[in-house]
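The values are calculated or read from the model by the stated rules, or taken from the named source; none is laboratory data. None of these values were measured; they are calculated from a predicted model. Heads up, the Cβs are rebuilt from the backbone with ideal geometry, glycines too, and the neighbour counts pull from every protein chain shown.
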Amino acid sequence: MNQIRAIRGMNDILPEEIHLWHHLERCTAQVLDSYGYREIRLPVVEHTALFSRAIGEVTDIVEKEMYSFPDRNDESLTLRPEGTAGCVRAVLQHGLANVQQKLWYAGPMFRYERPQKGRQRQFNQVGVEVFGTATADVEAELILLSARLWRSLGIDTAVELELNSLGDATARADYRSALVDYLNDHRDQLDEDSLRRLDSNPLRILDSKSENTQALLEAAPLLPDYLDSESRDHFQRLQELLDDNGIEYRLNPRLVRGLDYYNRTVFEWITDALGAQGTVCAGGRYDTLVEQLGGKPTPAAGFAMGLERLVLMMQALEQAPPAPAAADVYFVAVGPDAELAAFRLAESLRSATPGLAVAVHCGGGSFKSQMKKADKSGASFAVILGERELETGNAGLKPLRDGGEQGSVAFAELPARISELIEHGEH
């Protein structure tokens, strides 16, 4: 019988690397808290119509990448491919759009893509969304927030910020028309994917991965030349705010997002630390999406960042924290009565010192084999219990990391003694 394996592109995160994720998640939550953002938790499955209406019927995500299926009532449901649409749905459903909301969420997303380094079919994102603010200062805050996170992770020297403005609907329509006219004159030079997009979503051609298409685009019209005056002023104000806060950026007139709901500001944090240049965080403004999904006109902006790529960056830049030991204290107990005492003492130690990792050896075995496992666990101390220790009421306490001498501690004094040793770094 063939062994059952994980679905391609849906990977396990093993205990040996989970500390990297905990570090990333902890840093992210701390930074978001410091800016006054509140967490919201959203369903993994939504109605398919939510994404087709929000993202756009002719986007790659909706056309080719969504995991959609009928439920038992024959309703079409979809594993979420991104988080903004679900967050907007929640804000509308629970009446949260009446006042400014600054929200964030985290969790798995699903897209049927070709798996590669830093890109999986089940991947994890943190999304940050602000509702109710139309001015450029909120976009500046989102960028400052993300820049602070890069510094806290130690990866700030390996990321670069790119900015663009898509303008309002009229500006985009005018630019779209000019771009289509230019590309129609060069249809024979376009790759197959760009030809497909030419009639349905021509702005996505700007993001083509084809070198020939990118060379063709060098002479194409530029979106900033078609910006309306309000969008131009808005974008200028954003740049002033970033300049004043020492945030470096590069204007990229061909930067577009793969989702139809964006308008005005779009931005990406990119890196080449993982080989080929890749995006680690992207977002922008989406002022029409709330109304598009049935709400009142509500300005909004946000971004999403892929956690897999950030973990890879921490590793590549040697900013990953060391893995913690499996235990701080390891109980070695020889004999049935010693095992009873070990469990009892371990519970008292956990109660007295919250956060201390205490392991009790399970499965029996000789004293020598148990000590080998205690050492392998990475624990700082072994607490040794046997027949003699039970008779005297004193546990053996052996340092495992500094070659110190084994001592003897009364059962009742064990929590205080271990806390004292750890506090003074004697391990």
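What to note about this one:
- Considering Arg80, Arg72, the condition of being among the basic types (Lys, Arg) and crowded, with 21+ Cβ neighbours inside 10 Å is satisfied by Arg80 alone.
- When the strands (runs of 3 or more DSSP E) confined to region 84-177 are screened for residues that are touching an Asp or Glu at 6+ places or on another chain (Cβ under 6 Å), assigned by TED's automatic domain parsing to the domain that holds Asn245 and not charged (D, E, K, R), those reaching at least 1 such residues are found at 101-110, 122-131.
- Selected residue (criterion: nearest to Glu141 (Cα to Cα)) from residues of region 297-314 that are outside any strand (DSSP E or B) and touching a helix residue (DSSP H, G or I) at 6+ places or on another chain (Cβ under 7 Å): Thr298
- Some residue of region 193-201 being under 20 Å from Gly167 (Cα atoms), small (Gly, Ala, Ser) and crowded, with 16+ Cβ neighbours inside 10 Å: no
- Selection from region 1-14 of residues that are of a type outside the set (Val, Ile, Thr) and within 22 Å of Pro115 (Cα to Cα): Gln3, Arg5, Ala6, Arg8, Gly9, Met10, Asn11, Asp12, Leu14
- Entirely in region 334-425, the helices (runs of 4 or more DSSP H) that have 1 or more residues that are touching a helix residue (DSSP H, G or I) at 6+ places or on another chain (Cβ under 9 Å): 336-352, 387-392, 414-423
- Residue list for region 16-43, filter: surrounded by fewer than 13 Cβ atoms within 10 Å (Cβ to Cβ), assigned to a helix (DSSP H, G or I) and within 18 Å of the chain's Cα centre (by Cα): Ile18, His22, Arg26, Gln30, Asp33, Ser34
- Counting the residues of region 377-403 that are basic (Lys, Arg) and farther than 13 Å from Phe331 by Cα gives 2.
- Within region 44-69, being of a type in the set (A, V, I, L, M, F, W, C), crowded, with 19+ Cβ neighbours inside 10 Å and part of a loop (DSSP other than H, G, I, E, B) holds for one residue alone: Met66.
- Residue check for Ala220: part of a loop (DSSP other than H, G, I, E, B) and farther than 17 Å from Arg285 by Cβ: yes
- The listed residue being touching a residue at least 24 places away in the same chain (Cβ under 8 Å) and exposed (fewer than 12 other Cβ atoms within 10 Å of the Cβ), out of Thr213, Thr170, Thr265: Thr170
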